[in-house]
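Chemist: For reference, the structure I am asking about is given below.
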Amino acid sequence: MTEQGIGARLLRKEDDRLLRGRGQFVADLRFAGLKDVAFVRSPLAHARIRGIVVPLTHKDAVFTAGDMKGVKPIRAVSGLRGFKASDQPSLATEKVRFVGELVAMCIAPTRAEAEDIASTVTLDLDELPAVYDMLAARNSTSALLHDDWGDNVFLETFVDTNIDKALDAPIKVTREISTARQCMAPLEGRGAVAIWDKRLEQLTLHSACQMPHIVRTGLAGCLGLDEGQVRVIAPDVGGGFGYKAILLAEEVCLGWLAMQCGHPVRWIEDRREHLTAGANCREHHYRITGYADRDGRLLGIDCEATVDSGAYSSYPFSACLEAAQVASILPGPYDFPAYRCRTYSIATNKCPILPYRGVARTGVCFALELVLDAIAREVGIEPHEVRAKILVKPEQMPFDNITKKHFDSGDYPESLRRAVGSIDIPAVRVRQKNGETDGRLIGVGLATYCEQAAHGTSVYYGWGIPMVPGFEQATARLTPDGGLELRVGVHSHGQGLETTLAQVAHEILGIDVSKIKVVHGDTAMTPYSTGTWGSRCMVMAGGAVSAACKEIAKRAAKIGAQLLQTDVSRVTVRGGEVVGSQGSITLGEIARTWYLKPQNLPSDVDPGGLEATIGYKPVRDTGTFSYATHAALVAVDPEIGDIEILDYVIVEDGGKLVNPMIVDGQIYGGFAQGVGTALYEEMPFNSAGQPLASTFADYLLPGPTEVPAPRVDHMETLAPYTEFGVKGIGEGGAIAPPAAIANAVNDALRPLGAELLNSPITPRRVLEAIARAGRSAT
Amino acid sequence: MKPVRFDYARPADLAAAIALGRRDDVVVKVIAGGQSLGPMLNLRLIQPDLLVDITAIAELKRVEEAADSITIGSCVTHADIEDGHVPDVTCGALRAVASGIAYRAVRNRGTIGGSLVHADPSADWISALTALGASVIIHGAQQERRVPIEGFMAGVFETDLASGELVSGIQIPRLSSAARWGYYKTCRKTGEFAHAIGVYLEDPERSVCRAVIGATGGKPIVFADANALVGAGRSPGALDVKLARDGMTAHGLTDPIDQQIHLAALRRAIARANGS
Ligand SMILES: Cc1cc2nc3c(=O)[nH]c(=O)nc-3n(C[C@H](O)[C@H](O)[C@H](O)COP(=O)(O)OP(=O)(O)OC[C@H]3O[C@@H](n4cnc5c(N)ncnc54)[C@H](O)[C@@H]3O)c2cc1C
């Protein structure tokens, strides 16, 4: 390890501007003639549109679906059998299908004035019954979202591997488990500025997005433009978490509007739009049975999982990725012989749920880990003993599990052992016996997961969604002064890629990271990429940067050898120099020679020069499997239902850590979001389909005082198939906390016979569970 | 969302503010710290033509100490009180309550008067000051009037204030040195509004034994003579649960779980007054 290369805890280069408030986010952009957009949104969850009345005085400033002729709806299909596609019009046409759906678009010099105009537009709506409960939505009597479907099911999937062999197991534990609908709540919401350039005949969309190339493809498709006529720029972006992976109807509207009106137009999402009509995620329901023998060895899992997908299939991930993934990842890091899972992706009159950090994994981990603890209680052994029996062992690696996931490497039981030791379960048991002086109940909970990340073509091809990742490309370019530019199609919005990708390049070329510039977030300047999602950037873009830098090193070595008057086989590239036996020459000098003094180049120099775009894929593209065990110690106040996290341990294996400090940051952030899922965050809807949390007064996020510092312990098992042995770690922190915390709460409440199975675990839910247990005990 | 267009005035004296408030050609709204009004403006829940900012009026920031009470100007902020800029006549109760409101950024701007007029049942001052036996000083076109705080809050977001009237200050009686108080609020996270509030004040020299259950979904529930409620010895077990539950039920707080949490808050407030 060098001071700046792979493994260095380098401070983040981008923080110099971000922490000084010098970032440039979409809302910071200024353009002459810019006008603001406010949308008229549906006040009802489900209704037929009879009419939209625009006062004459504003008729030139208001646009409805009728105006947007030729614009295609957003359509994200899946190739999975039986998938029903939805068409999401940019502005609602015949029906509105969720509260907050776009109905009309108003422009004015300022947002406030645009809202003034929006408030004068009246909607004549014929209200229909709202489909708000995903379980009831499956009934044949339910109202229909999409009239021609015949039901409300986007997709049903089914797998069965030997479940009949488990059905007679002596221990059978069945639970109904759910995770609430949540909102992602990045610091910055969505936002876009659209500009039509008459000279270039090109639409530029400045967008707070994390997958600019995919947004470009989707946008060009909806607007009927050549892709060359669309440029998407994602400037500084304040967190994405999946919400910013999606092509929004708002963006299609703005693109169309900019082409119509000839001046730049802007929409900046406000928090109310974000909470009620945008960033929803995570609403899962599980009916799950665990079968085990009397020693607590898991023999099978049988599950019916339902995901509330909301009204439309979002581009590009589709409405079914979440539920369909549930079926493939529910078995977790465990080895057991029988498995059955049926999943439903259900359309409801709510805004679409979108992939959120951890995607289906958080719900899956919650369901499975709660059942494992229930089995442990049933057979009377420690929860970690149940897990130790079935965790895939290091000697089984690489391991193909029951759903054919290929676990690449690692020592899962060791992460469990370390977590159990670190949280000190024996000491907790003693403390529980003695009781707490303040009358609270303490409990300890575990959750182990493994996370498939950076999975590529072979996996995504199977989902058949609009986007399948292939080779990831990076461009490396030496500049005449010996600096390095890296151009990547992924986007960094909190991950620190401007630093870590520079570290990768430094590792190969030895150029000082201060002279390495990572260019990202502009489709005109970077190679095509599916973008930032699936914990893939360090594996994929890191691998690509490494490959491109190696190509540069090769070409520079050739020039360097000539200048050093030696053979290319006798030089190496290191420390920013080409080093031969008799001397060395800097990459800067080599770059100057290529660009400005070509007369000195060898006659057989590579005409590609000192710029190379190389595509990279791991040796196997079935994904890296990082994993972790989380252990939580909590205190529950049984009188008022409050929960305090007393201690929290994370033992994780992310393979080779390019920058351990940044990895820690990713884990802390994910953990904070996991605490939110576990204890605070919930977007409730009433039976009319109205979202009930429209500000952060109603939608609670954990703050600094609610998120203790977790103790993080790293294992570093190198991934066998990736450059440097890295594994994706971006999402992991958010996966296990709800399960670990819920298990700890259930452990604490065990003396009262109460058990919590729904996130978030609010004081009310705690007290209701205690009251229920009290009633059933008497 | 953004507010509707409005005009803004920042008068320097109370009379000018009251005159502006009495204009009937436009919708006038008073703004103090803006911590509750700001979000309501942004959500267009209120759409005034004119905002009258009262924070430049010196007399609304005055604090006057008298032998048996203190009068705090309505524009004194929670942070002023938290920081001890207001003389302590309540054995530390005001400071403690102030420091538990929201978080510092809100306390820097939010005012005691604004909090009372906003009349959010979950707010801290309305319950705490009810237990302390404060009164609200009101100025309008007519003479100043004083209302005991129990009569000030009329319901959720509703007060006894007539249109054109302003709260100029709050008068709080001085506790005797032997007084004991306890304040307890439950909330989901630091800085949140309370889910339940319990307040208890015992000041035998002034023959006061008062308990308040707050954050009820309406006015705070007051037990003006709480001797029977807290029971002999003031021990947690002595609390007359039935009396407390009946009080809550009579005020429409009927949900058993809510009742349980409010009971716990009250019990803990009493325990704090007893030094535990
Ligand atoms: C994030 C957040 C968390 C909060 N948490 C808490 C909490 O935990 N506990 C709590 O108690 N409060 C909490 N609050 C509310 C805070 O205490 C406010 O400061 C308070 O409610 C209003 O005071 P203000 O000075 O900001 O009033 P403003 O917002 O300016 O005004 C509120 C209302 O009172 C009227 N008004 C103000 N002053 C006068 C006056 N002198 N005469 C007549 N009318 C007047 C206004 O017209 C308006 O209707 C929180 C607020 C926020 C934003």
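Chemist: Under 12 Å from the Cβ of B:Arg272, count the other residues' Cβ atoms, weight Lys and Arg +1, Asp and Glu -1, and hand me the total.
Modeler: +4
Chemist: Moving to a separate point now. Using only Cα positions of the range B:7-53, each an equal point scatterer, no hydration layer, compute I(q)/I(0) via Debye at q = 0.18 Å⁻¹ and quote the log10 values to two decimals.
Modeler: Taking Cα atoms of the range B:7-53 as identical point scatterers yields -0.52.
Chemist: For every helix of n ≥ 4 consecutive DSSP H residues, a contribution of -39,500 (n - 2.57) applies; sum these over chain B, divide by its total residues, and give [θ] at 222 nm rounded to the nearest 500 deg cm²/dmol.
Modeler: -8000 deg cm²/dmol
Chemist: While we're looking at this one, here's another question. Given a 1.4 angstrom probe, I'd like the percentage of the accessible area of chain B that is carbon and sulfur, rounded to a whole number.
Modeler: Heavy-atom surface of chain B belonging to carbon and sulfur, 1.4 Å probe: 50 percent.
Chemist: Among DSSP beta bridges whose residues both lie in the range B:58-173, state the antiparallel percentage, nearest 5.
Modeler: Looking only at bridges with both residues in the range B:58-173, the antiparallel portion is about 100 percent.
Chemist: From the C-alpha gyration tensor of the range A:531-594, pull out the three semi-axes of the equivalent ellipsoid (sqrt of 5λ each), sorted largest to smallest, in whole Å.
Modeler: Here the semi-axes work out to 30, 11, 9 Å.
Chemist: Right, something else. List the residues whose amide H sits under 5 Å from the amide H of B:Thr216, counting only those 5 or more places along or on another chain, with H placed 1.01 Å from N in the peptide plane.
Modeler: none
Chemist: Out of the range B:71-172, which chymotrypsin sites (Phe, Trp or Tyr not before Pro) are coil in DSSP terms and have no more than 16 other C-beta atoms within 10 Å?
Modeler: Those that pass, being in a loop and sparsely packed, are B:Tyr103, B:Phe157.
Chemist: Okay, moving on. Give the dimensionless ratio obtained when the Cα radius of gyration of the range A:1-93 is divided by 2.2 N^0.38 Å.
Modeler: Dividing the Cα Rg of the range A:1-93 by 2.2 N^0.38 Å gives 1.89.
Chemist: Sticking with this structure for a sec: Under the Kirkwood approximation applied to all pairs of distinct alpha-carbon atoms, what is the hydrodynamic radius of the range B:58-173 in Å?
Modeler: Kirkwood radius, the range B:58-173: 14.0 Å.
Chemist: Next up: Mean shadow of the range A:538-679, computed from the convex hull of its alpha carbons, in nm²?
Modeler: Dividing the Cα hull surface by four gives the mean projection, 13.1 nm².
Chemist: Just the number, please: carbon plus sulfur as a percent of the accessible area of chain A, 1.4 Å probe, no ligands or DNA/RNA counted.
Modeler: Result for chain A: 51 percent of the exposed heavy-atom area is carbon or sulfur.
Chemist: Can you bin every Cα-Cα distance in the range A:433-554 into 5 Å intervals starting at zero and give me the percent of pairs per bin, rounded to whole numbers?
Modeler: Cα pair-distance distribution for the range A:433-554, in percent: 2, 10, 19, 18, 14, 9, 6, 5, 4, 4, 4, 4, 2, 1, 0.
Chemist: Something else about it: Name the residues of the range A:690-720 whose accessible area, probed at 1.4 Å, falls by at least 20 Å² once all protein chains are in place instead of their chain on its own?
Modeler: Correct list: A:Thr695, A:Leu700, A:Leu701, A:Thr705, A:Glu706.
Chemist: Using the structure shown, select from A:Lys35/A:Lys198; A:Lys69/A:Lys95; A:Lys558/A:Lys656; A:Lys13/A:Lys656 the pairs with a Cα to Cα distance greater than 25 angstrom.
Modeler: Those over the limit are A:Lys558/A:Lys656.
Chemist: Further, regarding this structure: Summing both sides, how much accessible area is buried between A and B? Use a 1.4 Å probe and give Å² to the nearest 100.
Modeler: 2000
Chemist: Here's another thing I want to ask about it. Please report Rg (one decimal) and Dmax (integer) in Å for the Cα set of the range A:185-277.
Modeler: Rg then Dmax for the range A:185-277, in Å: 12.6, 39.
Chemist: For a bin width of 5 Å, list the pair-distance distribution of chain B built from all Cα-Cα distances, rounded to whole %.
Modeler: Final binned percentages: 1, 6, 13, 17, 19, 16, 12, 8, 5, 3, 1, 0.
Chemist: Let me ask another. Give me, ordered by chain and number, the residues 5 or more places off B:Ala196 or on other chains with an amide H under 5 Å from its own placed amide H.
Modeler: So B:Ala196 has HN proximity to B:Thr186.
Chemist: Shifting gears a bit: Would you check the accessible area of A:Thr362, probe 1.4 Å, heavy atoms only, in square angstrom rounded to 10?
Modeler: The value for A:Thr362 is about 0 Å².
Chemist: Once you have the alpha carbon radius of gyration of the range A:499-556, what is it after dividing by 2.2 N^0.38 Å, with N set to its residue count?
Modeler: 1.14
Chemist: Show the residues, 5+ positions off or on another chain, whose built amide H is closer than 5 Å to the amide H of A:Arg340.
Modeler: Under 5 Å from the amide H of A:Arg340: A:Thr161, A:Ile301, A:Asp302, A:Cys303.
Chemist: Report, to two decimal places, the Cα Rg of the range A:697-778 normalised by 2.2 N^0.38 Å (N = number of residues).
Modeler: Ratio of Rg to 2.2 N^0.38 Å for the range A:697-778: 1.57.
Chemist: Two decimals, Cα atoms only, Kirkwood Rh: what is Rg/Rh over the protein assembly as shown?
Modeler: So for the protein assembly as shown, dividing Rg by the Kirkwood Rh gives 1.00.
Chemist: Report ³J(HN,Hα) in whole Hz for each residue of the range A:103-116, in order, from the Karplus equation J = 6.51 cos²θ - 1.76 cosθ + 1.60 where θ = phi - 60°; Gly and Pro get x.
Modeler: Result, rounded to whole Hz: 10, 8, 10, 10, 10, 7, x, 10, 4, 4, 5, 4, 5, 4.
Chemist: What translational diffusion coefficient, in µm²/s and rounded to a whole number, does the Stokes-Einstein relation yield for the range B:1-128 at 4 °C and a viscosity of 1.567 mPa s, taking the hydrodynamic radius as the Kirkwood radius over Cα pairs?
Modeler: 83
Chemist: Name the residues of the range B:1-43 whose accessible area falls by at least 20 Å² when all protein chains are present instead of the chain alone, probe 1.4 Å?
Modeler: When all protein chains are present, B:Met1, B:Lys2, B:Arg5, B:Leu43 each give up 20 Å² or more of accessible surface.
Chemist: Grab the DSSP H runs of chain A that are 4 residues or longer, score each as -39,500 (n - 2.57), total them, divide by all residues and round the 222 nm result to the nearest 500 deg cm²/dmol.
Modeler: -8000 deg cm²/dmol
Chemist: Taking the solvent-accessible surface of protein heavy atoms with a 1.4 Å probe, what is the per residue accessible area of chain A in Å²?
Modeler: 35
Chemist: Quick one: compute the contact order of the range B:181-273, relative version, from alpha carbon pairs under 8 angstrom and 6+ residues apart, as a percent.
Modeler: That works out to 34 percent.
Chemist: Could you list, bin by bin from short to long, the percent of Cα-Cα pairs of the range A:40-84 in 5 Å steps?
Modeler: 4, 13, 17, 17, 19, 12, 8, 4, 3, 2, 0
Chemist: Another question, if that's okay. So if I take the alpha carbon set of the range B:181-273, get Rg, then get Rh from the Kirkwood formula, what is the Rg over Rh ratio?
Modeler: 0.95
Chemist: Can you tell me which lysines have their Cα less than 28 Å from the Cα of A:Lys172? Leave out same-chain residues fewer than eight positions away.
Modeler: A:Lys389, A:Lys393, A:Lys404, A:Lys405
Chemist: Please compute, for peptide A:268-277, the average count of beta-carbon atoms on other protein chains lying within 10 Å of each residue's beta-carbon.
Modeler: 1
Chemist: Just to be sure I understand the rule: take each whole DSSP H helix in chain B, project its Cα atoms onto its long axis, keep it if the span is 15 Å or more and its mean Kyte-Doolittle hydropathy is at least -0.5. Which ones pass?
Modeler: B:256-273
Chemist: Here is a further query. Can you list the residues in the range B:169-214 whose accessible area drops by at least 30 Å² when all protein chains are present, compared with the chain alone? Use a 1.4 Å probe, heavy atoms only.
Modeler: Relative to the lone chain, where solvent access is computed with a 1.4 Å probe, the range B:169-214 loses at least 30 Å² at B:Arg188, B:Lys189, B:Thr190, B:Glu192.
The values are calculated or read from the model by the stated rules, or taken from the named source; none is laboratory data. Here the structure is a predicted model, which means the values were calculated and not measured. Neighbour counts are summed over all protein chains in view; Cβ atoms, including those assigned to glycine, are modelled from backbone coordinates with ideal geometry. With ligands, DNA and RNA removed, areas are computed over all heavy atoms of the protein, side chains included. Shrake-Rupley method; radii C 1.70, N 1.55, O 1.52, S 1.80 Å.
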